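Presented below is the structure to which this report refers.
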Amino acid sequence: MGGLTAAINWVQVYISGFQLGEHITDLIDIAIMAVLIYKLIDLVQTTNSGRLMKGILLVLAVLGISSVFNLYTVNFLLSKVLEMGVVAIVVLFQPELRKILEQMGNSSLRQVLSVSKQGDVDELDNAITQTVDAYTTLSKNKTGALMVFERRNRLEEAIRTGTALDTVVNAELLRNIFWNKAPLHDGAVIVRDGRIVGAGCMLPMSGNVNLSRDLGMRHRAGIGASEQTDAVVAIVSEETGSISVAVGGMLKRHLTPETLERLLRNELLPEKVEEETTFMTKISGLLWGKKEERKDGAE
């Protein structure tokens, strides 16, 4: 009788382990798909490709409708477009895809699976303080300045038009860059995660025909960058010394240094700095939680 009871207990443990194995497989399957979907969303956000993705989704929606209502000609044409579209997407995103693959090759598994977070808050806080310090002097001296603070959308193309840098934001450095006899003073300084990554960069001009006529090329470039990306652009007028900030295609003019600092902090600094989490950490938690549940059930 004791042997039979032991055998039954062993079978229950075996079945429990088998079910746990199936559960692990499902979690791995879900985790891989979650990573791929996250990386796709991150690619769309950082490359400002939202409009392209909307176009693709619209084509897919029309393709589905054509199948439901038996619109054979439309369905045939859109199917062919999608077949060629796969190659077109690879060509369009070739630089970004190559960058992602290179990062995956140079990173550990933990880094590949990790959820990206915003740059170091202390460095970004310092960048804002130093920028306000520099802009206070530049405004008094009527020295033109143009700074772009990246957020999610990357400005790789703009950086390639200027001089690539990798340095902390420093007030004295900014005053030297924007000095009217400096070689990089006409372009924009681009800040990513609290560090200067480019100077003397060319920005896309705004196509808004309703802009005030007294706005010069520096302001139009700043507005254009804020229209096409989610960047925050700080500008000093060379003619009047007035400080302005462009966000989402909207220009806020005649700002005091205190208002500039408050606006930059509101736009750039997150209210909460969340700890970095990884998909593997979440999976481990789920697995250990499930194991504990099974142990409790067995007891």
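Quick note: the coordinates plus some simple rules give every number you see, no bench work behind them. A quick note: this is a predicted structure, and the numbers were derived from the prediction, not measured. Methodologically, a virtual Cβ is constructed for each residue, glycine included, from the backbone with ideal geometry; neighbour enumeration extends over all protein chains shown.
For the peptides 66-77, 139-150, the ranking by mean Cβ contacts within 10 Å, running from highest to lowest, is 139-150, 66-77. Note on residue 73 and residue 57: their simple-model spin labels are 3.0 nm apart, each label 7 Å out from Cα toward Cβ. With no solvent and one equal point scatterer per Cα, compute the Debye intensity ratio I(q)/I(0) for the range 169-279 at 0.09, 0.13, 0.24 Å⁻¹ and report its log10, rounded to two decimals. Reported log10 I(q)/I(0), two decimals: -0.26, -0.53, -1.63.
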